[in-house]
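Worksheet: one structure, shown below.
Taken together, the values in this text are just the output of simple stated rules run on the coordinates, not laboratory data. Everything quoted here is computed from the prediction, not taken from an experiment. Methodologically, a virtual Cβ is constructed for each residue, glycine included, from the backbone with ideal geometry; neighbour enumeration extends over all protein chains shown.
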Amino acid sequence: MRVAAIGDNCLDVYVEQDLLTVGGNALNVAVNWARAGLDSQYFGAVGDDDAADAVRNGAKDVGLDPASIVGLEGRTGVTLIRLVESNREFLHEEFGVGVDWRPGDDVLDSVEGVDWVHHAGVSRDARLTSRLAERGHRFSVDLSTYHDFDRLDGVEIAFASIDGEADNPAHDLAARICDAGAAVAVIMRGEHGSLVRAGHETTTTKAQPIKPVDTCGAGDSFIAAYVKSHLQGNAPQLSLVQATASATATCLHIGGFPQPTLSVPDWLKAAYYQFAASSPA
């Protein structure tokens, strides 16, 4: 099964633990697919700074081809996280060159023939959704970064996340996404479970009760597992169960996927730790 993820990447910096991991929504999905035994590709952009090497090395270490990560002038994405007893606070998000990256036709040519394409963290200005649809790809999109719930024609699965215990907002969001053209809407609700809407049918499942270590990347693990199950022809209920199990496992370790954690280097502290210092603990 051949799959590809197109979009964002970053370094996740845990300031309290002095730890550094590689992440980003699209990269996390590609890594999860590779770890699950799929033939996975990742396409994204990094800057021309030291952080770029860390991202490329992290991708290479899990079996992804770093040659498909282009280098642009500017900064690589960096996210500063304060994690205290599983409570996560984003202190600073530097989206870097990825926010302006526009995947070219060379990227779309490279994913011809794959079974599935997922994209996340790519500006709507890139017209990636419509371009994938025009080429006849089966694909999904993560709407969690830009919250752009319009013009989803051709999208087979649209993923979104929503906070809160109330059920109605999640159901309303799923309906809105399907009305915008997506065949299937999957709403991730964290500790409150998840739901799938396909046409006028809705399926739900509960989250597994755990004490999380870190929820970073849980949604990406959910997406990767759901798509894999969907491609295997499983019904939405089973796909939700498998996706929930994968997301739960991700919550039990630091970082978006299992990887060696590194100490935060001095160059990164010099560039970004003023944001951590200016934020109250």
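Which one of these is more than 18 Å from the chain's Cα centre (by Cα), surrounded by 14 or more Cβ atoms within 10 Å (Cβ to Cβ), among the aliphatic types (A, V, I, L, M) and not in a loop (DSSP other than H, G, I, E, B): VAL117, VAL107, VAL99?
Only one candidate qualifies: VAL107.
Condition check: surrounded by 23 or more Cβ atoms within 10 Å (Cβ to Cβ) and under 30 Å from ARG82 (Cα atoms). Does SER239 satisfy that?
no
Would you pick out the residues in segment 194-233 that are assigned to a loop (DSSP other than H, G, I, E, B), over 22 Å from VAL22 (Cα atoms) and under 18 Å from the mean Cα position of the chain (by Cα)?
Matches in segment 194-233: none.
For residues in segment 166-186 being of a type in the set (D, E, K, R) and part of a helix (DSSP H, G or I), which is surrounded by the most Cβ atoms within 10 Å (Cβ to Cβ)?
Once the filter is applied, the top-ranked residue is ARG176.
Of all residues in segment 133-151, how many are over 16 Å from ILE223 (Cβ atoms) and touching a helix residue (DSSP H, G or I) at 6+ places or on another chain (Cβ under 8 Å)?
Residues that pass the stated criteria total 4.
Looking at segment 249-265, is at least one residue touching a residue at least 40 places away in the same chain (Cβ under 8 Å), part of a helix (DSSP H, G or I) and of a type outside the set (Lys, Arg)?
no
Is it true that some residue in segment 140-158 is in a helix (DSSP H, G or I) and not small (Gly, Ala, Ser)?
no
Among the strands (runs of 3 or more DSSP E) lying completely within segment 54-95, list those that include at least 1 residues that are under 17 Å from CYS216 (Cβ atoms).
78-84, 87-94
Which of the residues that make up segment 96-153 are acidic (Asp, Glu) and without any contact (Cβ under 8 Å) to a residue 40 or more places away in the chain?
Of everything in segment 96-153, those that are acidic (Asp, Glu) and without any contact (Cβ under 8 Å) to a residue 40 or more places away in the chain turn out to be ASP100, ASP105, ASP106, ASP109, GLU112, ASP125, GLU134, ASP148, ASP150, ASP153.
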